[in-house]
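Here, each number is a calculation from the coordinates, and none is a lab measurement. Quantities reported herein were computed from a predicted structural model and do not represent experimental measurements. In this analysis, Cβ positions are derived from the backbone assuming ideal geometry, glycine residues included, and neighbour counts consider all displayed protein chains.
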Amino acid sequence: MRRCALATGASRGIGRAVAAALAREGWPVCVNYLERREAAESLVAELRAQGRAAMAFQADVADREAVEAMVRAAAEALGPVELLVNNAGISRQGLFQDLGDEDWDRLLAVNLTGPRNAIQAVLPHMLGEKRGCVVNISSMWGLRGASCEAAYAATKAGLIGLTRSLALELAPSGIRVNCVAPGCIETDMVRILGEDTRRMLAEETPLGRLGTPEEVAEAVAFLASERAAFITGQVLAADGGFIV
């Protein structure tokens, strides 16, 4: 039966690794991106060279109409979306009292409204078929809070609340909703913090190192698979033991 996976923010980092992992699991994959067209198309080319079905689609997840258009396009090209991975996200560093309206609004729009838009766009098919899976990518900072990243942490905590609430609401329809909360991962979002901060974060991680996007992707692939068929409403922290 035709069906596909949609991964948002999948041109680089965790999202790119997630799309590749899902393709290996046999999912046709729609690679969402906002600005990095070449990176998204290179991933699609790699997957197609491996014999996988894949497509790229540009859309700002904060734009409801764009997200709905993306879901329709994915369904037409690859099959209805039955697996959604909400990975697209942005961060801002700085003191809370210096956070302006524009940054606050954009963080909420991408990190929390974006997943809302995507979930609402894919739900009609999932509800009709009484099956489907959503995996939200939060952060360990959504579990414990983060100094100088209060808005980011708040959006990621909100995503955890959305995950747990929807898991309860959608379980009777056979739809599972789970969350992965990455720790300090070797991505651009962490690299911009600087080498000294990265070294400190690695030292604070019980496993003694930063994680890789591929390790987070394996957690997502597990939750998306039939191996996790009886798991819903859970937050899996892929953080090297940081918040134990």
Distance between modelled label sites at K130 and Q93, nm, 7 Å Cα→Cβ extension: 5.0
FRET efficiency, E226 to A69 (Cβ-Cβ, R0 41 Å, nearest 0.05): 0.85
Highest-first arrangement of 86-97, 177-188, where packing means the average Cβ count within 10 Å: 177-188, 86-97
Theoretical gain in end-to-end length, R2 to E102 [0.36 nm per residue, Cα-Cα removed]: 31.9 nm
Inter-site label distance for L168 and R37 at 7 Å from Cα along Cβ, in nm: 4.5
Value of [θ]222 nm, deg cm²/dmol, for the chain, DSSP H segments ≥ 4, -39500 (n - 2.57) each, nearest 500: -14500 deg cm²/dmol
